[in-house]
1. Among the residues of region 1-25 satisfying the criterion of being touching a strand residue (DSSP E or B) at 6+ places or on another chain (Cβ under 6 Å) and among the polar types (S, T, N, Q), which is most open to solvent (accessible area, probe 1.4 Å)?
2. Of the residues that make up region 41-58, is at least one open to solvent by 80 Å² or more (accessible area, probe 1.4 Å), over 22 Å from Thr80 (Cα atoms) and either modelled with pLDDT of 95 or more or over 14 Å from the mean Cα position of the chain (by Cα) (or both)?
3. For region 87-111, which positions are open to solvent by less than 70 Å² (accessible area, probe 1.4 Å) and in a loop (DSSP other than H, G, I, E, B)?
4. Inside region 90-107, can you point out the residues that are at pLDDT 95 or above and more than 23 Å from Leu76 (Cβ to Cβ)?
5. Does any residue in region 50-65 that is without any contact (Cβ under 8 Å) to a residue 12 or more places away in the chain come within less than 8 Å, Cβ to Cβ, of a residue that is not aliphatic (A, V, I, L, M) six or more places away or on a different chain, and which pairs are these?
Amino acid sequence: MVYRFTIISDEVDNFRREIQIDSEATFLDFHRAILQSVGYADDQMTSFFVCDENWEKETEVTLEDMGTSSDEDVWLMEDTILSDYIEDEGQKLIFMFDYMTERSFFIEMKEMITG
């Protein structure tokens, strides 16, 4: 199955990207596809946040384990498959690509394409 995502930014009017990616790809594959589509270097700490319908962050999938001493599980992009967290059309994600200034993209899964 292929997922079609729409990506928007609150920084630039009319910014929009669409990415189609296999549902069995990792979040790391998705991370690379997003950065390539906008021409950004892959040299920053990034995270995906799986969100509820109101864009409230629920689960973080991060590029690297920062070794925090919290009791929470750490989900790494390279080990986490998209289909593990993306189940329905309309699923929302936030992709934070600049932690210093909290720059991010807002992502919505628009369509599941079979075949």
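1. The qualifying residue most open to solvent (accessible area, probe 1.4 Å) is Gln20.
2. Among the residues of region 41-58, at least one is open to solvent by 80 Å² or more (accessible area, probe 1.4 Å), over 22 Å from Thr80 (Cα atoms) and either modelled with pLDDT of 95 or more or over 14 Å from the mean Cα position of the chain (by Cα) (or both), which makes the answer yes.
3. Gly90, Gln91
4. Gly90
5. Glu58/Phe49; Glu58/Cys51; Glu58/Asp52
The values are calculated or read from the model by the stated rules, or taken from the named source; none is laboratory data. What you are looking at is a predicted structure, and each value in this text was computed from that prediction instead of being measured. Because the Cβ atoms are built from the backbone with ideal geometry, glycine has one as well, and the counts that use them run over all protein chains shown. Only protein heavy atoms, including side chains, enter the accessible area calculation; ligands, DNA and RNA are left aside. Shrake-Rupley method; radii C 1.70, N 1.55, O 1.52, S 1.80 Å.
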